[in-house]
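The values are calculated or read from the model by the stated rules, or taken from the named source; none is laboratory data. What you see is a predicted model; the values in this text were computed from it and never measured. All Cβ positions, glycine included, derive from the backbone under ideal geometry; neighbour counts span all protein chains shown.
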Amino acid sequence: MSRIKDAFDNKKAFIGFVTAGDPSLDKTEEFVLEMERAGASLVELGIPFSDPIAEGPVIQDANIRALKAGCTTDKIFDMVKSLRQKTQIPLVFLAYANTLFKYGYERFCGKCRDVGIDGLIIPDIPFEEKHELSDISSKYGVDMISLIAPTSEQRIQMIAKEAQGFIYVVSSMGVTGVRSEIKTDVESIVKSIKEVTDVPIAVGFGINKKEQVAKYTQIADGAIIGSAIVKIAAQYGERAGDHIYEYVSEMVSAIYTHG
């Protein structure tokens, strides 16, 4: 069974996100292990990029801090290699097309396989162009995770039919960030996806409260939290590990009390 499949096997998944290299790669490694200890099923690692178009200010700032601290794609690969000696938690990169293009798709996907990255989320590659990367990533056993947004409408099932790993349902329009209220009809999107595939579905963008985690893990197979965790890393820096553990524990508990 692939690690991603394992994350959703007979359970609801909590997925956490951190920006790699913020405040340092040693700390990124620690934060991933703290999230796993707190009950996270899968972790997304953001590869910092100078112009992350899908991100709100919280993750944008984390990208800038990581780049200023000297974080590079090669250093992230080294960190993942080290992390893999300590954990088998599924790991997925969230990156932008330019980073992979500059590195070389073939070389990048080969490195992912070598260090133990399970999937890729690339927000700025549209569905129609994904094959130039997904054909290569599949060859290396790395899942290309499909994003489905509220605007996908008639394309929802088309995207879902080709999905690998898990499907990332974007709960809100706009960029990532904490939201107090999500108005999208996520339920009907999930229903539409489930008609054509049994690939697990996780809901993200804007989720930051226990009530939201409880709600979306009842509708779908998992919930994703990014900005709220990155905010903790920004607030506490080197000392964020314990705080991330506490926050993720609290979010994970919402799955089990309501699930």
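Of all the residues in the stretch 57-116, those that are of a type in the set (S, T, N, Q) and surrounded by 14 or more Cβ atoms within 10 Å (Cβ to Cβ) number 6. Of all the listed residues (175, 196, 203, 230), the sole one being within 18 Å of residue 126 (Cβ to Cβ) and either at pLDDT 95 or above or in a loop (DSSP other than H, G, I, E, B) (or both) is 175.
Among the residues making up the stretch 3-20, those that are touching a Ser or Thr at 6+ places or on another chain (Cβ under 6 Å) and either over 22 Å from residue 254 (Cβ atoms) or among the basic types (Lys, Arg) (or both) are 12, 20.
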